[in-house]
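> Sharing a structure below in structure tokens format, with a few things to ask.
The values are calculated or read from the model by the stated rules, or taken from the named source; none is laboratory data. These figures come from a predicted structure and were not determined experimentally. Note: ideal-geometry Cβ built from the backbone for every residue, glycine included; neighbour counts use all protein chains shown. We work out accessible area using only protein heavy atoms, side chains counted, and drop any ligands, DNA or RNA first. Shrake-Rupley method; radii C 1.70, N 1.55, O 1.52, S 1.80 Å.
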Protein chains: 2
Amino acid sequence: MSTFDTAGLQLDNQLCFKLYAASRAVIRAYKPMLDGLGLTYSQYLVMLVLWEWQERAPEQPTLKALGQRLQLDSGTLTPLLKRLEQMGLVQRRRAQVDEREVHLALSEAGRALQGQVLPLKAQLLCQFDDQDLLEMEGLRRSLDRLLARLSE
Amino acid sequence: MSTFDTAGLQLDNQLCFKLYAASRAVIRAYKPMLDGLGLTYSQYLVMLVLWEWQERAPEQPTLKALGQRLQLDSGTLTPLLKRLEQMGLVQRRRAQVDEREVHLALSEAGRALQGQVLPLKAQLLCQFDDQDLLEMEGLRRSLDRLLARLSE
DNA sequence: AGCAATTAAATTGCATGCAATTCAATTAAC
DNA sequence: GTTAATTGAATTGCATGCAATTTAATTGCT
């Protein structure tokens, strides 16, 4: 034991590092699938929100609403959405009622892309057995609780 | 139920998003402490490795060894380490034996900084109760298993 | 020794994240 | 009604991550 306790500073004991490492590892695991779709990881998350929104809400989301869902600000989303628009997946338009708002709509191609995801994702999940999937489900719920705790 | 099952594409069901969101939330939680130290999050992780290495190994690590520990490549680490060197916390020197290798040493200031971290981290942990800490420990172990599974 | 293959860093280029500022539209206050 | 405060995006600047390429040093092979 040294003068002061350094166990609390060991990398392997740091939840922060594990989260950071695991997050990047999962992004790496998604890479082959996302390359197939021509999307980056963040772009994929944006598309997930737009696909989901389309099925659940009558109105298209604004950039602000999207940002609240993903916890990202306009500094990140504005250029990202411009790229998705360039790619022909998304349309951005100013609201008539309040010209500050940018509403986001899926293009036909953007909607069509959803159909390609499920089979690719099934393929991605193939490498895991039931045990793994159970563990991952527990992990997801645990992360939910942490997120709730941190956003208080 | 729509034509095909989209539950597997709901954002809230995506482990990948939870990990990504939780990782960034934890980084946000560290921000006040790291601002006090004058470090970014990645710089902090590098310092953790160097502090730990100093106590455990006779030799200073190379950039490559550091990268293996953090799962980061020279494209990320080279500029980051140059910044730490500019800040006077780290020294970079080419190995005599093999001039390709860059060895990393802590400066006096770099070593001294370690002393400031533990109290700040204790303060950071104050906001959590025993229940939370237990949950976080379980989460860490669960992330370990996921990381092991992904790096096979 | 001489040369190809390998290896460790550095460099380049691109897409985030995020803080801080700016800009324009809308609301609130008076 | 005019002005101040607020709000939603966009912009700017900086520090990552990471793929791809380049450079320099070392190893292997013959």
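> Out of curiosity, is B:Q60 surrounded by 12 or more Cβ atoms within 10 Å (Cβ to Cβ) and polar (S, T, N, Q)?
In short, yes.
> In addition: Please verify whether B:Q91 is in contact with an Asp or Glu (Cβ under 8 Å, 6 or more places away or on another chain) and not charged (D, E, K, R), treating the condition exactly as stated. Walk me through it before giving the result.
Values: in contact with an Asp or Glu (Cβ under 8 Å, 6 or more places away or on another chain): yes; not charged (D, E, K, R): yes.
Spelling it out, B:Q91 is indeed in contact with an Asp or Glu (Cβ under 8 Å, 6 or more places away or on another chain) and not charged (D, E, K, R).
> Another question about this same structure. Quick one: which helices (runs of 4 or more DSSP H) lie wholly within the stretch B:1-110 and hold at least 1 residues that are more than 13 Å from DNA strand D (Cβ to nearest atom) and modelled with pLDDT under 95?
Numbers: elements: B:15-37, B:41-56, B:63-70, B:74-86.
Helices (runs of 4 or more DSSP H) meeting the threshold: B:15-37, B:41-56.
> Let me ask something else about it. Considering only the stretch A:123-150, state which residues are aliphatic (A, V, I, L, M), facing chain B (nearest Cβ under 8 Å) and over 19 Å from A:R69 (Cβ atoms). Show your work before the answer.
Filtering the stretch A:123-150 down to residues aliphatic (A, V, I, L, M) leaves A:124-125, A:133-134, A:136, A:139, A:143, A:146-148, A:150.
This time we only want the ones that are facing chain B (nearest Cβ under 8 Å), so: A:136, A:139, A:143, A:146-147, A:150.
A:M136, A:L139 - these are the residues of the stretch A:123-150 that are aliphatic (A, V, I, L, M), facing chain B (nearest Cβ under 8 Å) and over 19 Å from A:R69 (Cβ atoms).
> Going residue by residue through the stretch A:121-131, is there one that turns out to be of a type in the set (D, E) and under 20 Å from B:Q14 (Cβ atoms)?
We begin by selecting, within the stretch A:121-131, every residue of a type in the set (D, E); these are A:129-130.
If we keep only those that are under 20 Å from B:Q14 (Cβ atoms) as well, we get A:129-130.
Checked the stretch A:121-131: at least one residue is of a type in the set (D, E) and under 20 Å from B:Q14 (Cβ atoms).
> If the Cβ limit is 7 Å and pairs must be 6+ apart or interchain, which residue in the stretch B:116-142 that is touching a residue at least 12 places away in the same chain (Cβ under 8 Å) pairs with which residue that is open to solvent by 40 Å² or more (accessible area, probe 1.4 Å)?
B:L120/B:G36
> Which residues, counting only those in the stretch B:40-50, are more than 10 Å from chain A (Cβ to nearest Cβ) and in contact (Cβ under 8 Å) with a residue 60 or more places away in the chain?
B:L50
> State whether one or more residues within the stretch B:51-68 are on the phi < 0 side of the Ramachandran plot and in contact (Cβ under 8 Å) with a residue 60 or more places away in the chain.
Within the stretch B:51-68, the first condition is being on the phi < 0 side of the Ramachandran plot, and the residues that meet it are B:51-68.
Next, only the ones that are in contact (Cβ under 8 Å) with a residue 60 or more places away in the chain stay: B:51.
Yes - at least one qualifying residue is present in the stretch B:51-68.
> Scan the stretch A:99-140 residue by residue and report those that are exposed (fewer than 11 other Cβ atoms within 10 Å of the Cβ) and more than 19 Å from A:P32 (Cβ to Cβ).
Correct list: A:E99, A:R100, A:E108, A:D129, A:D130, A:Q131.
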